[in-house]
Amino acid sequence: MSYLNDLYQEIILDHNKRPRNFGELKDANRRADGYNPLCGDKLTVYLHMDGDLVRDVSFQGSGCAISTASASLMTEALKGKTRAQVEELFNGFHSLVTGATSGDDSSQIDLGKLAAFHGVSEFPIRVKCATLAWHTMQAALENKEQAVSTE
């Protein structure tokens, strides 16, 4: 299990140092801002939706390692997904980082590299860091104009 924890830590560190899909998405047709006042994380999520499909997604902003890595891995996971698949990923990720084990289908989906965040549930204050990008992405999907806050 130590090897797996080391691998997960390496994934998070890599996505923090070299975030994927970082920067403004020029052809975005949805966007939302998010803020975590406890940690100081601030980000904007950009989506290019083609009907029900996430054609492209990016983010920009600044935050702690958990927040940045989560946003980076989220953008990789969402490209090419339908809205229903995005919702399924959100629910699975949220269950993972909060330690929820409801036994429903959302906790049984394959999260791929997102599984690197399994240890976050042991640090409740870090859950807000890990989920900020996800809540901001949902606000963008719903075209909400009000900024998302973890408070």
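Some notes on this structure:
- Glu88, sole failed condition from (1) surrounded by fewer than 20 Cβ atoms within 10 Å (Cβ to Cβ); (2) touching a Leu at 6+ places or on another chain (Cβ under 6 Å): (2)
- Consider segment 36-52 and keep the residues that are assigned to a strand (DSSP E or B) and in contact with a helix residue (DSSP H, G or I) (Cβ under 8 Å, 6 or more places away or on another chain). The one that is farthest from Ile125 (Cα to Cα) is Met49.
- Tally, over segment 12-32, of residues that are crowded, with 18+ Cβ neighbours inside 10 Å and within 15 Å of the chain's Cα centre (by Cα): 7
- Note on segment 35-75: among residues that are surrounded by 16 or more Cβ atoms within 10 Å (Cβ to Cβ) and among the charged types (D, E, K, R), the one that is farthest from Leu132 (Cα to Cα) is Asp56.
- Residues satisfying the stated conditions in segment 118-138, i.e. of a type in the set (Ser, Thr, Tyr) and over 13 Å from Ser95 (Cα atoms): Thr136
- Evaluation of His94 against (1) buried (at least 20 other Cβ atoms within 10 Å of the Cβ); (2) closer than 19 Å to Val120 by Cβ (one fails), failing number: (1)
- Qualifying residue in segment 12-30 (condition: in contact with a Leu (Cβ under 7 Å, 6 or more places away or on another chain), basic (Lys, Arg) and under 15 Å from Thr136 (Cα atoms)): yes
Bear in mind that the values in this text are calculations on the coordinates, not laboratory data. Predicted, not measured: the structure shown is a model, and the values here were computed from it. When we count neighbours, we look across all protein chains shown, and the Cβ atoms used for this are built from the backbone with ideal geometry, even at glycine.
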